[in-house]
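The values are calculated or read from the model by the stated rules, or taken from the named source; none is laboratory data. These numbers were taken from a predicted model, which means no experiment stands behind them. Cβ placement follows ideal geometry from the backbone for every residue including glycine, while neighbour counts extend to all protein chains displayed.
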Amino acid sequence: MENSKEIPVYGYIRISPDEVAKGAIKTSFENQKSLILDTAPKLGMKVIELIYSKDKAGNFRNLSGSERADIFFLNMVARLKRKEAKGVLVKSRDRFLRDLSFFRDVMADLIDNGVFVYAIQERRMLDPYSVEDVMGAFQDEGYIIKGRKNAETLLLQKQGKGLPAIPAPYGYSYKTLHKGKPMQEKIWVKVPKKAEIVEKVFNLFVVEGMTPKKIKEELKIGNAMFYRILSCESYTGDVVFYKKRKDRMTGVVHREKVCYGGVHPAIINKALWEEAQKKIHRKKSPEELRSNFLEMFG
């Protein structure tokens, strides 16, 4: 088929939570990419861009639960409605959307704008009014709910054992407690050189009263790293993080603090961390604010 007659489409890739948990992100991405690029010419299509969700560092993100439609997906939908491509090519329906109401709304909107979504495994265009697609999205939504419950159960198990439920912050690395055990059987251990930097940041800032600029220059760390260290309560020996919970009635997203005693070694004591927070959040005079701005941007 001549290139001028090929239908321009986007190839859309989504990484599932199971693939993230199994460490199969790259393999899944490459498999989906190969399938989409190999299938497109056979259907008379040309993939003009591969779209997938990624964080600020360029790492893959899965789209499930509250993340089922992030800015990358929404931008793709907007571009499709502007006729920048005529359709989307995906591995399967569940790689496109997994929420029943959102699936129907988005698909109906795309179809009204003359845009199609082709699922390779199903070998057909997706249809928001198809019983098969609607039931599939309904089952996927149940899978998401089940996944949330499993995540809550896993969090409680980790909390009961004092094991970390978040990635290791700067100054720590992972160590497996028992070979053959899953992720929840790993703990944080100190990385000596990095832990020393963490300790120095707190001591120089709180005990010696050194300015942030001088601390960053002396330790050769960036602005983001400096404040990330000072705000990490997990250095005290507790596991501390915030999880988001959306109010179904109002749609407001709340941040809930989770804190429990960890089995990892502390780098600083609680008192030092609390003094650092007081100093960070202390209301500053106009002169101090001006001095800080000049220090940071002058």
- Test Val106 against the criterion of being surrounded by 14 or more Cβ atoms within 10 Å (Cβ to Cβ) and either at pLDDT 85 or above or closer than 18 Å to Glu6 by Cβ (or both), and give yes or no. no
- Message: Looking only at the stretch 144-197, filter to residues that are part of a loop (DSSP other than H, G, I, E, B) and loosely packed, with under 14 Cβ neighbours inside 10 Å; which one of those is modelled with the highest pLDDT?
- Response: Pro167
- Message: When you check Asp140 against the structure, is it in contact with an Asp or Glu (Cβ under 6 Å, 6 or more places away or on another chain), at pLDDT below 70, surrounded by 14 or more Cβ atoms within 10 Å (Cβ to Cβ) and assigned to a helix (DSSP H, G or I), yes or no?
- Response: yes
- Message: With the structure loaded, tell me whether Leu89 is touching a Gly at 6+ places or on another chain (Cβ under 7 Å) and at pLDDT 60 or above or whether it fails that test.
- Response: yes
- Kindly indicate whether any position in the stretch 68-83 is modelled with pLDDT of 90 or more and assigned to a loop (DSSP other than H, G, I, E, B). yes
- Enumeration of residues in the stretch 265-298 that are at pLDDT below 90, under 30 Å from the mean Cα position of the chain (by Cα) and surrounded by 11 or more Cβ atoms within 10 Å (Cβ to Cβ): Gln277, Ile280
